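The values are calculated or read from the model by the stated rules, or taken from the named source; none is laboratory data. Computed from a prediction, not measured in an experiment: that's the story for all the values here. Every residue, glycine among them, receives a Cβ derived from its backbone with ideal geometry; neighbour counts consider all protein chains shown.
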Amino acid sequence: MDFAFSVSGAEITMGANMSLMAEARAVSIAVRARVEEIGPLWLLLLAPALVLGFGTLAEEVSEGDTTDFDRYVLLLFHVPHDPSRPIGPAWLQEAARDVTSFGSVSWLGFIFLAVVGFLWLSRKRDACLLMLAAVGGGQLISTLLKIWFERPRPDLIPNAPQVFTASFPSGHAMLSAVTYLTLGALLTHRLRLIKQPGNSQGGRSW
């Protein structure tokens, strides 16, 4: 009798857990559908805000209002009265340099060529053209904006690494965002296709 009650209790507990899991999954699906539904609306609201923010920052940079702030931030990470010496141990400086290299033209160019080559050889022509358009367009916009603003790089730090383009807008930030976000969007789209029922190949075009 005790064994029967214990088995029955275990079955009830398992059934309750399965019911909770089913409800949680249903809520998750509903939330995901809602997010996908209002996603374009958020983009429509976010895009003008980003453009307005960039325009405000660009105006401040053009008028030289950010010079004192730039100088303060640069000197903050260097030894007082000796700007040629960064603060912190040597390994921290090397780590910072390694992290910065993920946004360098050389590394982003390698990632770009590798992804485009893979997509082309895999006959994912639509994804390949999207990558070309996104990264190429980002590079073009970055170059045109740098030519427009012509903001020189600060010369406060002796023996600083040589950079051959203007300082605004940041090529590191813009091209890194374009490259990695485009790659992330392609991977997300690919995973969605793979998860579709009856689609083991993940789609023919992508």
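Worth pointing out:
- The sole residue among LEU144, LEU193 that is of a type in the set (A, V, I, L, M), modelled with pLDDT of 80 or more and assigned by TED's automatic domain parsing to the domain that holds PHE102 is LEU144.
- Taken as a whole, the condition of being closer than 18 Å to ALA185 by Cα and either outside any helix (DSSP H, G or I) or without any contact (Cβ under 8 Å) to a residue 12 or more places away in the chain (or both) does not apply to LEU119.
- Across the range 160-190, the number of residues qualifying as β-branched (Val, Ile, Thr) and modelled with pLDDT of 85 or more comes to 3.
- If the condition is being crowded, with 18+ Cβ neighbours inside 10 Å, modelled with pLDDT under 90 and of a type in the set (Gly, Ala, Ser), then the range 114-137 contributes only ALA127.
- Residues that are surrounded by fewer than 12 Cβ atoms within 10 Å (Cβ to Cβ), assigned to a helix (DSSP H, G or I) and not hydrophobic (A, V, I, L, M, F, W, C) within the range 84-94 comprise just one, GLU94.
Residues checked against (1) within 21 Å of the chain's Cα centre (by Cα); (2) part of a loop (DSSP other than H, G, I, E, B); (3) surrounded by 16 or more Cβ atoms within 10 Å (Cβ to Cβ); (4) hydrophobic (A, V, I, L, M, F, W, C):
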site: ALA96; (1), (2), (3), (4): yes, no, no, yes
site: THR100; (1), (2), (3), (4): yes, no, no, no
site: PHE112; (1), (2), (3), (4): yes, no, yes, yes
site: PRO152; (1), (2), (3), (4): no, yes, no, no
site: ASN159; (1), (2), (3), (4): no, yes, no, no
site: LEU183; (1), (2), (3), (4): yes, no, yes, yes
